[in-house]
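Chemist: Please see the structure below; I have some questions.
The values are calculated or read from the model by the stated rules, or taken from the named source; none is laboratory data. What you see is a predicted model; the values in this text were computed from it and never measured. Using ideal geometry, Cβ is built from the backbone for each residue, glycine included, and neighbour counts are taken over all protein chains shown.
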Amino acid sequence: MALNPLPLPAIHASHVGIWLADGDGRAQRVGRGEAMAAVAGTPHLLLGATLTGDRLGYPELSGLDLLELFAFLFPARFAVPTPAGIARALGLEAPTDEAAIAPFLRVATAAMLDAANDPAWPEREGAWHSLQALARQRWAWAPLLQQHLPRAEQSDRWLFARLPEWEEVSPRPQPRQVALAPDAIAERLDRLTGDGAERRPGQQDYARAAAAMFEPRARKDAPQMLVAEAGTGIGKTLGYLAPAKQWIDQSGGSVCISTFTKALQRQLARETERLYPDAATHREKVVVRKGRENYLCLLNLEDALQGGFSGRAAILAQLVARWASYTRDGDMVGGDLPGWLPALFRRNGTTALTDRRGECIYAGCPHFRKCFIERSARAAQQADFVIANHALTMVQAARPRDGGAPATRLIFDEGHHLWDAADSMFAAALTGQEAVEIRRWVLGPEGKSRGRRRGLAARLADVASYDEAGNKAIDAAIAAAGEFPGEGWLARLNENAPWGAIERLLAAARAMVYARAVDPRGADSGYGLETELADPEPALVEAAGGASDAIEALLRPLMALGKRLDALVEDPPDWLDGQTRARVDGARASLGTRIDTLGGWLSLLGRVGGPADPAFVDWLAVDRFDGREYDAGLHRHWLDPAYPVAEAVYRPAHGVLVTSATLRSGARDDDGWTEADIRTGARHLDGAARHFAVASPFDYARQAEVLIVTDIARGDLPALAGAYSRLIEASGGGALGLFSAIRRLRFVHARIADRLARAGLPLFAQHVDPLDTGTLVDIFRADPHASLLGTDALRDGVDVPGDSLRLVVMEGVPWPRPTILHAARRAAQGGSAYDDSVIRARLGQAFGRLIRRADDFGQFVMLSASVPSRLLSAFPPGTPIRRLPLDEAVNHVAAANVERRKSAYPAFSPS
């Protein structure tokens, strides 16, 4: 059907230039001043106000943003926020050049409004009432949309009436003890890979090896454990899904698959569709679980819709409410909420709509029966597969009261991240921000009209009314929490006017850091400082005693309250109905977490002025970014964080698989298994873990090469920027640039973005473009001419198969930061050999971004002459490795690009 473009002006701005299209669609290139004058006087159609505003130098740019219209009309639908991405989502022909984009926006707008006229528009319910609310907020699109959205004959149901309620169900029975037949696993794997698919021996071997984790356990605290390295391209996901599904069918059990990145959680959910092709069955049998801070809090949303938000934030709340009606699971971070939507509102993000502060009142919430978090937790109890992240899996194993123990069979994909996940999970941090969170959890948010119903007393109002002992404990906890740091604590520290025992502790710790710390990056670098907790100053010792007293004053009533709640559950009184029981159970879970935290703080404070515990590393830190302090306090980490993983997570399980493509980090000693057992914690189990390895099927000698550039001096930022620019131009885009410092990333981007854009090569960057990382990767994946600059988060969190990623450029060797924690682990685990293992792992993960399938080709460039030969084992055997000057490296990349253009398969023959 032909579309009549709307007679509205439009603007498109990029690093190449700025174009305005008038109401008749005539486009012209204009200067920045003319463009700013035009959009200031008349609302223009645009795509992504924040990004367009950045390109214009007009941060507060507003107008008719097509992304906002898309979010309203098509909530929970995926779209890459680029002209080509919107064209693809709408079934339109994409603009062919920059000058055509502004006129295209008029056509895309007409297509979206036409969809609203379609009687079969699936997202019609609730749209009219949402639009009226948005009109009251003066949403720019409201007048246009009101012409296309007549009032429904029947009144729309209020959002909170449309959401389904979850139901309590009986616990899943204990799995039966069964033995898996290898032939049955092979047949299932054949079905999963599809009819006619070529059998991959490596994948078959991997599936048979993975079946070992489902064997019956021989004795308590000795799970059947397999540590398995599967090279890229083996197909390890289907390799472990085949025996897992076979075991589920035979035993009636469930399997928890744990990952590190949200991207792999999404990928795993898609892979499991092969097990359950029917969409409804898949939703029942496969549940993705994340921490509660990822999900929309309906009570927070209701507060926002009823006046808690104003201005642009109120518009965001209405668009999120539209999404909430159609979302699969309410996941706002990596789920089906468009990642670009919060970025459209700059300072008004979605964090206030999630439960990030532990404020949940559980069954006391009017939306408890419809809560996305509670629904997910209950669905997981009945699911065959629960796809969680490492942190949540560890939390549920270490603290079963926080959501139930995980399945008896655990699969840790991305197993090379277990160490890092455990390092965060089992650490203790007595800092200003953490102390404020404890205070807020007890007292509720301060300075908010609705804050009174969010504190501990509000959660347990029924208990306080009917149980005298519980009421006294609550009152005592509230009084003690009032002595904890509140809003403005950091300003008081800067003014040397701390209030209360804990703020005095933080002030003493901060003073000791500034007195003793040495920043290896140079004085006044503006980044964090730290010093060992050794030979503490008398002021710190004295302050630690006072802080311990304050913490104990809170811990005692919380422990008394916990015992009282346990007693109420064990011997319930008449007044404890089902609703109150649910509220008590929720309070017990969050109460236990805070008791653990406070106990960890007391243990840490006992170290001040006392003997060191060799199992831990303790230090003081002042956290800063770009010269601005944002936190300060005391820290404690396990020297070996894999030890608590083995104790709390592995031992209770019956079967464990830890798998990755880079578990052994390219080590040669003992085939790398000693190193793998250290990093995964397998060495701490009584029974020896089994090992299995299968190499990648890819022909790295033909599909990849490593180029080490020898003539870029360390610290020469102009030369570094020039190298990135020349390499990206030579490859025709498709480059992922990796940096170890945000400042260098920003410098390089600022120097080369315009130049590359003029060559038709868009450049995007973390920490520069106002978009979340997931959206940046989506844009990068969708455009083979685009390139992306980023930091560690992109080193092993990107899966971009095909032509869109054909070049990885690292600014240098990813040396570990010389922190106190790293120094302690380095001393305990072999000195420089430990450093080498960390670097090899990082190099292997970065290289792994390149070749994701059999027809990929890629080049890995390191801009550093100081790459020791011993680290090169990080790359797959057979990969050509060359040391050469930049000019020759550029020629290599350009030659590969020419070859790529000649053939659909980017073959490369090393000279």
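Chemist: Which of the following residues is buried (at least 22 other Cβ atoms within 10 Å of the Cβ) and either outside any helix (DSSP H, G or I) or at pLDDT below 90 (or both): Pro338, Pro277?
Modeler: Details: Pro277 fails: buried (at least 22 other Cβ atoms within 10 Å of the Cβ).
Answer to the selection: Pro338.
Chemist: Okay, moving on. Say we look at the range 402-455 and pick out the residues that are of a type in the set (Lys, Arg) and crowded, with 20+ Cβ neighbours inside 10 Å; which of these is modelled with the lowest pLDDT?
Modeler: Among those residues, the one meeting the criterion is Arg454.
Chemist: Between a residue in the range 1-13 that is outside any loop (DSSP other than H, G, I, E, B) and at pLDDT 85 or above and any residue that is crowded, with 20+ Cβ neighbours inside 10 Å and acidic (Asp, Glu), which pairs come within a Cβ distance under 9 Å, given they are 6 or more apart or on different chains?
Modeler: Every condition considered, the pairs that remain are His12/Glu98.
Chemist: Tally up the residues in the range 711-732 that are in contact with a helix residue (DSSP H, G or I) (Cβ under 8 Å, 6 or more places away or on another chain), touching a residue at least 12 places away in the same chain (Cβ under 8 Å) and in a loop (DSSP other than H, G, I, E, B), please.
Modeler: 3
Chemist: Right, something else. Working only within the range 607-666, note down all residues that are of a type in the set (Phe, Trp, Tyr) and over 25 Å from Glu434 (Cβ atoms). Break it down stepwise before answering.
Modeler: Filtering the range 607-666 down to residues of a type in the set (Phe, Trp, Tyr) leaves 616, 619, 625, 630, 638, 643, 650.
Within the range 607-666, Tyr650 is the sole residue that qualifies.
Chemist: Look at Ala547 and say whether it is under 35 Å from the mean Cα position of the chain (by Cα) and closer than 30 Å to Phe214 by Cα. Before you say what the answer is, go through the steps one by one.
Modeler: Details: under 35 Å from the mean Cα position of the chain (by Cα): yes; closer than 30 Å to Phe214 by Cα: no.
Taking the combined requirement at face value, the residue does not satisfy it.
Chemist: Next up: Can you tell me which of Leu540, Leu554, Leu460, Leu506 is modelled with pLDDT under 90 and either within 16 Å of Leu634 (Cβ to Cβ) or surrounded by 21 or more Cβ atoms within 10 Å (Cβ to Cβ) (or both)?
Modeler: Leu460
Chemist: For the range 679-710, what are the residues that are in contact with a helix residue (DSSP H, G or I) (Cβ under 7 Å, 6 or more places away or on another chain) and either free of Cβ contacts under 8 Å to residues at least 60 places away in the same chain or assigned to a helix (DSSP H, G or I) (or both)?
Modeler: Those that are in contact with a helix residue (DSSP H, G or I) (Cβ under 7 Å, 6 or more places away or on another chain) and either free of Cβ contacts under 8 Å to residues at least 60 places away in the same chain or assigned to a helix (DSSP H, G or I) (or both): Arg679, Thr680, Arg683, His684.
Chemist: Read through the list (1) assigned to a loop (DSSP other than H, G, I, E, B); (2) within 33 Å of the chain's Cα centre (by Cα), then give the number of the only condition that Pro43 fails.
Modeler: Pro43 satisfies all of (1) assigned to a loop (DSSP other than H, G, I, E, B); (2) within 33 Å of the chain's Cα centre (by Cα) except (2).
Chemist: Could you list all residues from the range 251-274 that are of a type outside the set (Phe, Trp, Tyr) and part of a loop (DSSP other than H, G, I, E, B)?
Modeler: At the first step, the residues of the range 251-274 found to be of a type outside the set (Phe, Trp, Tyr) are 251-259, 261-274.
If the condition is that a residue be of a type outside the set (Phe, Trp, Tyr) and part of a loop (DSSP other than H, G, I, E, B), then Gly252, Gly253, Ser254, Thr261 are the ones that fit.
Chemist: Just need a number here: residues in the range 13-39 that are of a type in the set (S, T, N, Q) and over 14 Å from Arg55 (Cα atoms).
Modeler: 1
Chemist: Taking only the range 703-724 into account, find how many residues are under 19 Å from His785 (Cα atoms), crowded, with 20+ Cβ neighbours inside 10 Å and within 30 Å of the chain's Cα centre (by Cα). Talk me through it step by step, then tell me what you get.
Modeler: At the first step, the residues of the range 703-724 found to be under 19 Å from His785 (Cα atoms) are 721-724.
Next cut, crowded, with 20+ Cβ neighbours inside 10 Å only: 723-724.
Keeping just the survivors that are within 30 Å of the chain's Cα centre (by Cα) gives 724.
Final tally of qualifying residues: 1.
Residues are listed down the side, and each one gets a yes or a no for (1) touching a helix residue (DSSP H, G or I) at 6+ places or on another chain (Cβ under 7 Å); (2) assigned to a helix (DSSP H, G or I); (3) of a type in the set (A, V, I, L, M):
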residue: Trp19; (1), (2), (3): yes, no, no
residue: Ala38; (1), (2), (3): no, yes, yes
residue: Leu51; (1), (2), (3): no, yes, yes
residue: Arg88; (1), (2), (3): no, yes, no
